[in-house]
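Here, each number is a calculation from the coordinates, and none is a lab measurement. Please read these numbers as outputs of a predicted model, since none were measured by experiment. Here the Cβ positions follow ideal geometry from the backbone for every residue, glycine too, while neighbour counts run over all protein chains shown.
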Protein chains: 2
Amino acid sequence: MITAIAGGVGGSRMLRALASVLPAERITAVVNTGDDIVLHGLHVSPDVDTVVYTLGGAANPGTGWGRVGETWEAMGELRALSAGRLAWFNLGDRDLGTHLYRTSRLAEGAALSEVTAEIARRWGVGVTVLPMSDDRVETRVTLAGGREIGFQEYFVGLRHEVGVESVRFAGVEAARPAPGVLDALGGSELVVVCPSNPVVSIAPVLAVPGVGDTVARRRERVVAVSPIVAGAALKGPADRLLSELGHEVSVAGVARMWAPWVGTLVVDVADADLAAEVESAGVRCVVTPTVMSGPAESVALARAVLDAGGLSWS
Amino acid sequence: MITAIAGGVGGSRMLRALASVLPAERITAVVNTGDDIVLHGLHVSPDVDTVVYTLGGAANPGTGWGRVGETWEAMGELRALSAGRLAWFNLGDRDLGTHLYRTSRLAEGAALSEVTAEIARRWGVGVTVLPMSDDRVETRVTLAGGREIGFQEYFVGLRHEVGVESVRFAGVEAARPAPGVLDALGGSELVVVCPSNPVVSIAPVLAVPGVGDTVARRRERVVAVSPIVAGAALKGPADRLLSELGHEVSVAGVARMWAPWVGTLVVDVADADLAAEVESAGVRCVVTPTVMSGPAESVALARAVLDAGGLSWS
């Protein structure tokens, strides 16, 4: 069994690659829910949905998030009614069906992990997809200047084109890992940290009480894929956030940040010259192409990750 | 100025007819919100939406409710995810846009009457559409046997194919009429009671503290159109509910029930033989074709109603 810690787009691509070289039933994903948001009354879990849609073959291959063949009637109405103001977060019609379902089930008293399993079942997802917690954890971003906003307002509303002073995970102290999370992380042959945003996708998962400690104890069985390649994020604001929060934007910076939890860091060939610096942070360094530009590249990366963890694959 | 008390489909057809013979700006609609429901986290106001969509030319002419040219992607997903269980109340994609907007605005602190005005503006509705109250009033139905359920569970979920013991309007004692309601009812030249369900569309409006008294004081200026024609409802469970709650299912029964509030009852030609019985209830009776089977019939009914109230029309 292997367990992967994942955010949205990068995480789901890594998971899909892993599921193409291992039986899906051997894989558990622990997914960030810090960027969940209640929007227009609906509980939206963007990272969980991206993982489920991707593994279920229902994701939009163009964007990496949302549904393939999506329609936008509801959003068009909301845009017309609010002169655009309330339509800042795109919710497709099919995607809305997921949110209606999740919101109803939560109101009925179901836990987020139960609802996630139900949605994954509808898509025939063999990977066990677990939200990091059934409790509400909210990633909050303090902008330069001091104003604090929700993560989605920063990420989607402001397109992460603003300076950030700090990030916190409101409610995380009281949050419990979702059922199965600690067992999966503690009992797997290998823990994979996906190439997701370290600050807002991986850090919230590690911040859930018990999770960080469990991963740290398994450090020698933890293989991470660097989300930073040649000093930049492939996608999103990871590079900018790392820099703003005082980290070096390089695989060496990632290694130093993740050293308490990660025994092996897989870095791209573009960063081969930094392997020694990674190792000097106490993290074993594996150099291989890490950019999942297509299926072949993704599969090769998954194999390299399993190799790094000493697992056999097909 | 005239003010109409309205439920959903019957009310909106009467309002559209009135707006075709009077300037829309002279008409105020006070609309039932007792059948509002929070569904999957969204605040749905079926009667208000039916009135606004109908007056705005956006209603589905086939059903009388919902949007013309509607799509059903979200509902299809919800049906697939819940094996049908949670998809008992149809919410089209475009309609969902309205509910997303309403739910967001209410969460922002806007009153239902404000949101209703905003939605009506988007459709260019000239009639002033007022919910009966900004406070939550919930029509609850006790079934034969004693189980109490929400109105929509009875009406949509069970297709009103069950016996009813009683109906109550939970929260109505504490509800205040929405801003403008009492002024409109108290100050109009004419109050029209639309041919809506007396038990679950008109009664909740009259039950809002102050509304029934205000209408009763204007009794001589109140003209109602009977929702019962030839001993039956044209649509929906009005006949069955009246009978189950101990009322005679006839225009005479309607006259006796509404006598405290209604000075004139407009009945269909099919009920001409009951005119004397209506009058013996102390209610003036006007006999005219009341079935709005097409635009010409609807306009003729609107003119007859205004005639009955002594108003001139164009």
Proxy exposure order for B:283, A:48 (fewest C-beta within 10 Å first) is B:283, A:48
Summing -39500 (n - 2.57) over every DSSP H run of at least 4 in chain B, dividing by its residue total and rounding to the nearest 500, the 222 nm mean residue ellipticity is -10500 deg cm²/dmol
The ³J(HN,Hα) series, computed from each phi in segment A:224-239 with the Karplus coefficients 6.51, -1.76 and 1.60 at θ = phi - 60°, rounded to the nearest Hz and given as x for glycine or proline, is 10, 9, 5, x, 9, 10, 6, x, 8, 7, 5, 7, x, x, 4, 5
If every Lys and Arg gets +1 and every Asp and Glu gets -1 at its Cβ, then about the Cα centre chain B yields a dipole, in debye to the nearest 20, of 300 debye
Env charge @ residue A:204, Cβ radius under 15 Å, K,R +1 / D,E -1, value -3
Toy charge model, Lys and Arg Cβ at +1, Asp and Glu Cβ at -1: segment B:3-133 dipole around Cα centroid in debye, rounded to 20, equals 240 debye
Phi angles of segment B:302-307, converted by Karplus (6.51 cos²θ - 1.76 cosθ + 1.60, θ = phi - 60°) into ³J(HN,Hα) in whole Hz with x for Gly and Pro, give 4, 5, 5, 5, 5, 4
Residues other than residue A:60 with Cβ under 12 Å of its Cβ, Lys/Arg counted +1 and Asp/Glu -1, net out at -1
Most packed first (mean Cβ within 10 Å per residue), the peptides B:246-258, B:61-73, A:52-64 order as B:246-258, A:52-64, B:61-73
Listing B:284, A:159, B:218 by rising number of other beta-carbon atoms within 10 angstrom, fewest first, gives A:159, B:284, B:218
Cβ-Cβ cut-off under 11 Å around residue B:166, Lys and Arg +1, Asp and Glu -1: the net charge is -1
Rounded to a whole number, the mean other protein chain Cβ count within 10 angstrom for residues of A:62-71 is 1
Note: A:149-161 gets an average of partner chain Cβ contacts (10 Å, Cβ to Cβ) equal to 0
Taking Cα atoms, the helix B:112-122 axis meets the longest principal axis of chain B at an angle in degrees (rounded to 10) of 90 degrees
Here the whole-number average of other chain Cβ atoms within 10 Å per Cβ of B:104-114 is 2
Distances in nm between the label point of residue A:297 (7 Å along Cα→Cβ) and its equivalents in the other copies, shortest first, are 6.7
Neighbour-count ranking for B:261, B:123 (other C-beta within 10 angstrom, fewest to most) reads B:123, B:261
So for segment A:133-259, using the alpha carbon gyration tensor with a ≥ b ≥ c as root eigenvalues (a/c under 1.5 gives rounded; past that, a/b versus b/c decides prolate or oblate), I'd call it oblate
